[in-house]
Amino acid sequence: MPTYFISHGGGPWPWMPDWRAMFRNLEASFVQMVKDLPERPKAILMISGHWEEDSFAVMSSAHPPMVYDYHGFPPHTFQIQYKAPGAPDLAQKAADLIAAAGLPVRLDAKQGYDHGTFVPAYVMYPDADMPLFQVSLRKGYSPAEHFALGRALAPLRDEGVLIVGSGLSYHNLRLFGPGAKEPSEAFDAWLAETMAAPPAERTDRLIHWEQAPYARICHKEEDHFVPLFAALGAAEGEKATMVYHDTGLFGGVTASSYRIG
C-alpha cells in the first residue's frame, strides 16, 4: 500500500452543501484515492491531527463511537453517524510495532472517530464497510518521534493496511480569508519543493520545518502538519506525488495533499 498525507478540509463539510461545494476538488481527490489503490485495503489506519496523547495511543475498540470535535456548526452535524468497524487485532499489532521501536504506547478502547478521520473515510467509503482505526499524535509534536512512529508502522503496509496522515497543509484558524493567501502560498510552494527532494533531504527539511517561509504563521500549533511525518516515515525511501491542490479556500487558503509510494 502507498501512504498518504491529506488535507482533510474544514469541519463536517460533506454534510453542509455550501462547504461541500467549496471542497469539491478535495472530495474528488478522496474518491480518486480509492480508485488508485493497488487493491482494496484490509483496513485504514488514520493518524489525525485531532487526537494527541502523552504517549502514542492506538484505538482498539471493535465499534468506535463518534467524537464531534468542532463547534459552531449546524445541529444536524452533531448527529452524524459513521459506523465503520474498528480493527482490534490490527490495533494490537500496531501497538506491538510501536513498542518494539522503543516508543511509548498504549491501547485505548474508548477513543472514537474524530472528524479528521470520519470525514475523509466517509467520502472514501460511504457505506462504512472498511475497518478503520486511529493512532494518536504524541504531545510535544517531535518531528523525529513521528517519523519514528511511521517507520514502526511501515510493516502494516505489506499486510494491506492503508496508512493515512490526516491534517492540513495550512492550519491557522485565526487567519483565513485574504490574509492567508501569501503565507499559505509560500509555505505550500516550500512543501512541494521539499516533497520532491531526494528522501534523505526531504526528511531533513521536514525535521527542520520551522525554517520554512511563514512556518509559524501557517502552523501556530503543528498538530495538523505532524501527521505528514508519520505518513512519510512509513514510506521514507519512496517518491511523493501531489494528489490534491487548491487555492482560494475560505477566500485565500492554499492547501495540498500527497501520496507516498
Separation of the residue 53 and residue 81 label points, Cα + 7 Å toward Cβ, nm: 2.6 nm
The chain - share of DSSP beta bridges that are antiparallel (%, nearest 5): 35 percent
Heavy-atom surface of the chain, accessible at 1.4 Å and reported per residue (Å²): 40 Å²
Amide proton proximity set for residue 125, modelled H, under 5 Å, gap of 5+: none
Formal net charge of residues neighbouring residue 141 (Cβ-Cβ distance under 13 Å; K, R +1; D, E -1): -4
Taking the chain and dividing mean pair separation by its residue count, relative contact order in percent (alpha carbons under 8 Å, at least six apart): 30 percent
Interchain or long-range residues, amide H under 5 Å from residue 87's placed H: 132
Residues with amide H under 5 Å from that of residue 243, placed H, sequence gap 5 or more: 257, 258, 259
Debye, to nearest 20: dipole size of the chain, +1 on Lys, Arg Cβ, -1 on Asp, Glu Cβ: 220 debye
Cα-projected label distance for residue 247 with residue 40, points at 7 Å along beta-carbon direction, nm: 4.0 nm
Heavy-atom SASA rank of 60, 7 (probe 1.4 Å, accessible area, largest first): 60, 7
Ordering of 27-36, 221-230, 192-201, 68-77 by packing [mean C-beta count within 10 Å, highest first]: 221-230, 27-36, 192-201, 68-77
Mean-position separation - Cα centroids, segment 171-190 and segment 68-112, in angstrom: 29 Å
Rh (Kirkwood; distinct C-alpha pairs) - segment 149-194, Å: 13.2 Å
Difference of contour (0.36 nm per residue) and Cα-Cα distance, residue 193 to residue 68: 41.5 nm
Debye intensity ratio I(q)/I(0), log10, the chain, q values 0.16 Å⁻¹ (C-alpha model): -1.22
Cα-based reach from residue 110 at 26 Å (exclusive), listing lysines while leaving out same-chain residues under 8 positions away: 42, 83, 93, 139
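The values are calculated or read from the model by the stated rules, or taken from the named source; none is laboratory data. In this text the structure is predicted, and so the values were computed from the model without any measurement. With ideal geometry, Cβ positions are generated from the backbone for all residues, glycine too; neighbour counts draw on all protein chains shown. Side chains included, ligands, DNA and RNA excluded: accessible areas come from the protein's heavy atoms. Shrake-Rupley method; radii C 1.70, N 1.55, O 1.52, S 1.80 Å.
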